[in-house]
Every structure is written in C-alpha cells, then in structure tokens.
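Okay, structure first, notes after.
The values are calculated or read from the model by the stated rules, or taken from the named source; none is laboratory data. The structure presented is a predicted model; accordingly, all values stated were derived computationally and were not measured. Please note: Cβ atoms are built from the backbone with ideal geometry, for glycine as well, and neighbour counts cover all protein chains shown. Areas reflect the complete protein model, heavy atoms only, side chains present, ligands, DNA and RNA absent. Shrake-Rupley method; radii C 1.70, N 1.55, O 1.52, S 1.80 Å.
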Amino acid sequence: QAFHWIKVPCPGPAMSSLLQEAVAKAEEAEETVLADVEHADVLETLEAAEADLEKAETSAVANLEKLEASAVADAEKVGAAAVADVEKIDAAAVAEAEKIGTVVADDLKGMEELLPAEHLTALRLAPSIAVLLKESPFGPSFPPEAEVQEFAAEFFGQPRKLYILTLKTKGQNVSPAEQVMRLWPLVEAATHEFRADGPWMWTLRPKEVSDALLTVEVLGLKTKEPPWKQILYWLRIMKSADSSFFLQAVQSQYGRDVAYCLAWASFWVQELWPLAAIMFTMAVSGASPVGEEGYLLVGARRICWEIGKVLALLWGVALAFRSQYVLDILPLPPPSGHPQHDLYRKVEDIPNRAYLESQPQGIKYAKLVCLACPAVLLYFAFVGLVIMLQIQLAFFLKFDWGDCVNLDCVDPGVKHGFAGTLAGIACDITLAIIFALFHAILGPLSAWIADLQNHRTLASRQFGADMLTIILDCISKLGICTVYAFIFVPAWKEQTCAAEGPDLSCPCEDDWQTALFGDSAMSCLHARLPVDYRRVMFNDFLEGCFVVAPFIDILIGTILPRILVLGLEAAHSYGSLACCPFRGLLRLLALIFAADGATVGGLKYVLSGFPFQRSAGEDEEKKETFSDRALQKNCLRRFEPGIEMLIMKLNVVWILFLCYLKPVGMIVMLVASWLDLHMKTIRMTYGSRCPDQPRGYELMHEETYAFLRGAVCASIGWSVGMSLITYNDDLPQWNAEWLAFLLLAWIIISVVLMQFSHVTTCRCFVSAHGKVAPQPEP
C-alpha cells in the first residue's frame, strides 16, 4: 500500500514531506526484513550443517571404534598364535639344546655300568684354542667370553707368546664342538694382526677325552643281546641300535663332519659283506676268465665270472642309492632356528676372501683354459712317467734280475729265493708310496685350480678342490691298471712270434722304450711274451693291489705315525745322549709320515729338532706340562675328514673296477677295511691333531653321492672293456680301435657327469643358504 501511495501524485508540500518520510521508513523496513530473512536462512543452513557434521562425526567415531575393536581382536589372535608358535619353537629348541648339550649325560644312563666315572667326566671337559703370536708390548684384546692362559715360548729361537683360551659356559648346556665354533671366529678376529710366521691357531682337547672316546667305541657296542648278535655287531654285519652312542659322542666333541666320516666308514664295512659273499662264491666255484696258465676259459666258469661281474655292478648301483641311508646312522641334526644349527650355517657361509666379485665369467674360463688345463696335462705327464718307471722296475726285477723268461716264472724269488721275494714286496711298497706321492701333489694343485674357479664361499671352494682331487687321484691310481689291462696284456695284433711261450729271439720294436730300458722294455716284452703269460703277470700284479696295498695304507696312516710320535717323545725326554744316533732318522720319518711340514718348519725340523721351546718362567708344573703338550700336539698332522673320505672313495673305485678279477682279494680288502674302521679312532685321537673347526656334513654327503654315481657309470665301461679287450682272443679280427675309443668316451662322459653334479650341488647349496653376507677383514 505504501508503494501505491507513493505513486499517487500529491499536490501539497506537507503531503510530499510525509510521503518522503513514509518512503524512507518503508525502505528501512524493507532492508530490515531482507536482513532478517537472510540471517534466518544462514542460521538454518548453519544448523543443518552442524547437524550433518554431528551425524558424520558420530558415524566416523562409531566406524573407528568398530575398526579399532576389529584390529585389536585380530592383533590379539595373531599375537596369541605367534606367542604359541614361539613357545613351541623355544620349547623344541630348549629340549634339543638340552639333548645336544647334555648328550653324554643323557646317553650314558644305560652305559654307566660299562664306563668308568673318569670317562664320564672326561666327555664333558671343555676344549681349548691355542694361539701362538709374536711378542708385542700391546697384546691382543681377547673376547670377555674366554678364559685366557698366557705362556712364554720360542719358535726356532724366536720369542713367541702362547695363549690358551677356553669358553666360559657357566653351567650352560653347550657341547664341546659348539664351544669351538663360538670361540674360533672371536679369537681369529682378535689375533689376526698379531700373527707371526709359522703356526697360528689350533684346537686342543684334553687327553682324557681321547681315552674316553676309545673306551666308548670298544664298550659302546656291548648290549644285553646274545653273544652271537654281539659278534655280528662287532663285525659290522648287523647294525646295532646302540652304535649311534659313539657317533653322538664324536659329534659332540669334534663336529658333524667327523661323525659323518666315521658313520660312512661303518656303513662301508657293512656294505662290503654282501659283495664279499658274492666274491667268495665266485672263488669257490672257480669263476674266472682265464685258467692258471693264462689261457682263456669257456663254458660254465667263464659264464659264472660274467654273472659275478654283473652282480658286482648291481652292488655298485645299490651302494650309490643306499649311501643316502648313512644319515640314518647319525644323530638327528638340530632343527632350523636352533643355536647349533645357526652356528653350522655360519661356518658353511664363511665367505672366500679370495673371491673376485667384479671378475667377468670370460676371464675365469680363460684362466681355467690357459692355466688349469696345461697344469693338469703336466700332472698327467708326470704320472705317466712315474707309472712307466715303476712298471719297468717291476719288469727289471722279474725278467732281467730274476730271469723269469728262461725260468718261466713271474716272481724273482724263484731264482733268488727270499731276497727275490723281498724285492717283489719292496716293489709293491714302492707302488703304495707312489700313490701317496700323487696325493701329496694333488692337494696343492686342486686348491690352486679351485682358486681359479673363483668360489664365493670357503665351503664351495673346499668342495670343488675335494672333487677335483678325487677325480685326478682315481685316474692316477687306475693309470697303472689301465696300462696293464688295456696296453700290455691285450693282443691288439696277430702274434706270430712267441705264440706258444716266451721267446727271447723275437725282435723288439725300435722305439724309445727299447732305447731307454733295453730288453726289459714293455714294448719288447709285449712282443716276446705270449698273451697267456701276460695275463698271468696281470693277475700277479692284482695280488699286490688287493693283498699288500690295503695293509700298507694302515701301516703308513696309523701305526707308523704313532710309533714315530712315541719314539720322538722318548728321544726328547731322555736327553741328548739317549737316542742321538737315531734322532735324525726319526725326524725325517716323522716329517714324511706324521708331522705337519708347514708347522715344524720342513727340513729345518730334521736338522734342528723340535721347533718349540717353552721359555723358563714361574709357571706351575701342571701348567708347564699343559703348555708343552699344546705345542707338541701342534706338530702332528691335522685329522681331515675330507682326506679320510677320499681314501674310502678310492677303495670304492678299486673294488668297483677290479674286485671280480681277484675274488679272493676282496676278502682281504674286507678285513683291511674293518681294521681301518677301528684304527680311525686311534688315528683321530692319538696320531693326529684335532680338526680345527667343526663343520656340517651336507656338502660332504652330496659330494659322496655325486662321486658314486660317476664311479658306477665309469665302472660299466671298464667292465665291458675287460670282457671285450683284455680277455678276448678274437681282438685282432675286430675293429678294436673304435671299440677302445667308445669305451674311453664312456668313461670320460662319466667323469664329466661327476663334475657336473659337483657344480650343480655347489649352486644348489649356495642358493639354499642365500647370498653370503660380506664380513669385515679381521
């Protein structure tokens, strides 16, 4: 209405002023109304937003509470499961640790009546680590976990400090082997910068431990079984349930690798019995490829010999597969996560400090081709030369000195009596010494080639060196048999002269052998002796391999070192006049057969005597005796489980390749293996130095399995060659060159298979253990 009024024209001035006032009031009222409306809208919007915000906050809080409750519930479930799993693992680890740490106490419950109390106590004694360092005003900082004894000593007149460290266990259930594994890296890191020329670190175990272990081996097999079963256990025809007690005691003291070595030796003797039964049956039935005069047999005796040969090969196949059961003889290994399991893992994962990570693969293969291959060829040339000289020595004794061509004999004793027999035995002993010489050369050669292969870990490097040593040593030892069986004995060409018997009038070939050795050259005797006569000579050679060589190994490896050690101790104790004329000879023999040449100073030891001298001091007499014993023990060669396994593998090759040629010799080999099994403990405890650091047996086990597969494959080719080449009168009519080439290719493929298995095993082992963590230089 006010607007309508405003539009109406008003003629008077009073009326105009009233209208203006009304219009102003109306505009103010309009602005007030509009402001109130806008304010009301804003308030409504704010109230709605606040309501929505409150609803959202309430919903978010509710959802958050739900999520928190769900997360807490899930965490409680996972935590409870994790706690339960940890408790289970801890309980298993504690139980296993108690079992391993108190292995002697647990297993001696049934043996307390057999073992004296002093032996029970001795098996719980802690080992020590001896360190010989140069004198320094600031000595090494040893770890607080070790108890340290210090002695003054001399090494060839140079002052040294002898430290003997023992781990502080304080009632913990820690096995002696675990103590060494814990303490060894700590001592190595603390003393590396103080190392002097000569010996550095070695492990010591009390003499009472050696006595106790020997007693456990002798008495540990005594059970409540009938006497006839005890005899079978003792002969290793049957496996006793209590035989693992000795292996567990060895594992507790020396580590899993030594226990595996002794377990394999026991398994080896047990597996030889079935083969010995087969060979005994062959000997009784007269199975043989040739008769007493060397002529080939046909009929039942030859068929029985071929069947026996097949059975021997099947025994080898069974041996390769059954070797996996060696682990059943050993005590159960600690579970994953167990402290002892982690210690063995750390030992296997020690990095090789000589590993070149930046080296290309092409450089590595170039080194192997340009350096390793020529070195191996030079080694084989040396082996061939030595084998040829040994064969010519045997031929000289028989045919020149013994005149066996005219006397129709194979032994110089027919002409010279006892002196000739002794000369033949000396020739066999020379062969055994030659084999030992080959092995002494192979150790450094294989280690050098393993360095060229650039292994990442020390364990894989050792595995590669061991496998290469096995292959080359087998080829070396089979080399002399190969010369006899496939070069000297077979009639590669039709023999017109000396077909009925030895004939000195037959012309000799004009070659380098005849020029060097005259009428006793192998090529000359091959032309003058009939093939039957040469087969008799080969059979006589095998008698030395099976009858003399095994006992020579025991004599050289166990008996002679122990006699030399006792003789040197007596010479050292009785003064300068007691054994003065014999000291030089004793030292020379000890250096060859018993002493560690690097420790005693090589030939300097022969001239100067015992390299160590304990300096005069105020120590107690007991400590003086202990320090003297520590220094004397270091002079002996270290007991190496890998070397012991190598010897057994060589015996496997010897038997797989030659046992069916000398069935009676197999019985002698069984007796020698059984004696060597019982001699290993004496050699390990009294005739050698303790192994330095315990190791696992996984790589050693895989290496053995790979070797057995390759050896069985190679023995098949060798066996076929014996039937088709050595004992085949129709060989001149055959294409013999191609046959020999195929058999040689088969054996080479078997060796390559063995080496390929070694490479695959190394890679699988490294990938299973993961990438090796780098360790700082000590």
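Of all residues in the stretch 378-396, those being without any contact (Cβ under 8 Å) to a residue 60 or more places away in the chain and open to solvent by 30 Å² or more (accessible area, probe 1.4 Å) number 6. Scanning the stretch 696-750 for residues that are of a type in the set (Val, Ile, Thr), modelled with pLDDT under 80 and surrounded by 17 or more Cβ atoms within 10 Å (Cβ to Cβ) yields a single hit, Ile747. Scan the stretch 658-668 residue by residue and report those that are under 23 Å from Ile475 (Cβ atoms) and either open to solvent by 10 Å² or more (accessible area, probe 1.4 Å) or without any contact (Cβ under 8 Å) to a residue 24 or more places away in the chain (or both). Scanning the stretch 658-668 gives Leu661, Lys662. Based on this model, can you work out whether Pro185 counts as more than 22 Å from Leu247 (Cβ to Cβ), at pLDDT below 85, crowded, with 19+ Cβ neighbours inside 10 Å and within 26 Å of the chain's Cα centre (by Cα)? The answer is no for Pro185. Does Lys680 satisfy the criteria of being charged (D, E, K, R) and touching a Phe, Trp or Tyr at 6+ places or on another chain (Cβ under 8 Å)? No; evaluated as a whole, the condition is false for this residue. Of the residues Gly687, Gly721, the single one that is in contact (Cβ under 8 Å) with a residue 24 or more places away in the chain and either aliphatic (A, V, I, L, M) or not in a helix (DSSP H, G or I) (or both) is Gly687. Report yes if Lys649 is closer than 30 Å to Ser288 by Cα, modelled with pLDDT of 80 or more, of a type outside the set (Val, Ile, Thr) and surrounded by 17 or more Cβ atoms within 10 Å (Cβ to Cβ), otherwise no. So Lys649 passes the test. Being open to solvent by less than 50 Å² (accessible area, probe 1.4 Å) and either touching an Asp or Glu at 6+ places or on another chain (Cβ under 6 Å) or over 18 Å from Ser723 (Cβ atoms) (or both) is the filter here; which residues of the stretch 271-285 pass it? Result: Glu271, Leu272, Leu275, Ala276, Ala283. Of the helices (runs of 4 or more DSSP H) entirely within the stretch 397-468, those holding at least 3 residues that are buried (at least 21 other Cβ atoms within 10 Å of the Cβ) occupy 418-452.
Filter the stretch 256-299 for residues that are closer than 30 Å to Pro176 by Cβ and of a type in the set (Val, Ile, Thr); which is farthest from the chain's Cα centre (by Cα)? Full working, then the answer.
Step one: filter the stretch 256-299 for residues closer than 30 Å to Pro176 by Cβ, giving 256-270.
Those still in the list that are of a type in the set (Val, Ile, Thr) too: 258, 269.
Values: Val258: 9, Val269: 19 Å.
The qualifying residue farthest from the chain's Cα centre (by Cα) is Val269.
Of all residues assigned to the stretch 532-554, at least one qualifies as being closer than 14 Å to Lys398 by Cβ, assigned to a helix (DSSP H, G or I) and either without any contact (Cβ under 8 Å) to a residue 40 or more places away in the chain or among the basic types (Lys, Arg) (or both). Selection over the stretch 115-141 of residues that are open to solvent by 50 Å² or more (accessible area, probe 1.4 Å), more than 21 Å from Thr191 (Cα to Cα) and part of a loop (DSSP other than H, G, I, E, B) gives a count of 2.
Every residue, every condition in (1) among the hydrophobic types (A, V, I, L, M, F, W, C); (2) within 23 Å of the chain's Cα centre (by Cα), yes or no:
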| position | (1), (2) |
| --- | --- |
| Phe707 | yes, yes |
| Ile716 | yes, no |
| Ser719 | no, no |
| Asp730 | no, no |
| Leu742 | yes, no |
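I'd like the residue in the stretch 542-573 that is of a type in the set (A, V, I, L, M) and in contact with a Lys or Arg (Cβ under 6 Å, 6 or more places away or on another chain) and, out of all such residues, is modelled with the highest pLDDT. Before the answer, list the steps.
Start the filter on the stretch 542-573 by keeping residues that are of a type in the set (A, V, I, L, M), which leaves 542, 547-549, 552, 554-556, 559-560, 563-566, 568, 570-571.
Checking which are in contact with a Lys or Arg (Cβ under 6 Å, 6 or more places away or on another chain) leaves us with 542, 571.
Details: Leu542: 82, Ala571: 61.
Ranking the candidates gives Leu542 first.
Quickly run through the stretch 44-60 and pick out the residues that are among the small types (Gly, Ala, Ser) and modelled with pLDDT under 70. Selection gives Ala49, Ala56, Ala60. Candidates Ala300, Ala277, Ala366: the one that is modelled with pLDDT of 85 or more and closer than 30 Å to Leu442 by Cβ is Ala366. Scanning the stretch 279-291 for residues that are touching a residue at least 40 places away in the same chain (Cβ under 8 Å) and of a type outside the set (Gly, Ala, Ser) yields Met279, Phe280, Met282, Pro289, Val290.
Does Cys579 satisfy the criteria of being at pLDDT below 60 and open to solvent by less than 70 Å² (accessible area, probe 1.4 Å)? Considered against the rule, which asks whether it is at pLDDT below 60 and open to solvent by less than 70 Å² (accessible area, probe 1.4 Å), Cys579 comes out as yes.
Looking at the stretch 142-168, which of its residues are polar (S, T, N, Q) and buried (at least 16 other Cβ atoms within 10 Å of the Cβ)?
Restricting attention to the stretch 142-168, the residues satisfying the condition of being polar (S, T, N, Q) are 149, 158, 166.
Result: Gln149, Thr166.
Could you please find all residues in the stretch 16-29 being open to solvent by 90 Å² or more (accessible area, probe 1.4 Å) and at pLDDT below 75? Passing the criteria: only Leu18. How many residues are loosely packed, with under 14 Cβ neighbours inside 10 Å, part of a loop (DSSP other than H, G, I, E, B) and touching a residue at least 24 places away in the same chain (Cβ under 8 Å) if we restrict to the stretch 293-325? Selection size over the stretch 293-325: 1.
A search for C-beta distances below 9 Å between a residue of the stretch 243-268 that is under 11 Å from Leu123 (Cα atoms) and any residue that is of a type in the set (Lys, Arg), counting only pairs 6+ apart in sequence or on different chains, returns Gln253/Arg205. Determine whether Ala265 is open to solvent by less than 10 Å² (accessible area, probe 1.4 Å) and in contact with a Lys or Arg (Cβ under 7 Å, 6 or more places away or on another chain). Yes; evaluated as a whole, the condition is true for this residue. Looking across the stretch 387-428, the residues that are farther than 19 Å from Leu529 by Cβ, out of contact with any helix residue (DSSP H, G or I) (no Cβ under 6 Å at 6 or more places or on another chain) and of a type outside the set (A, V, I, L, M, F, W, C) come down to His416, Gly417.
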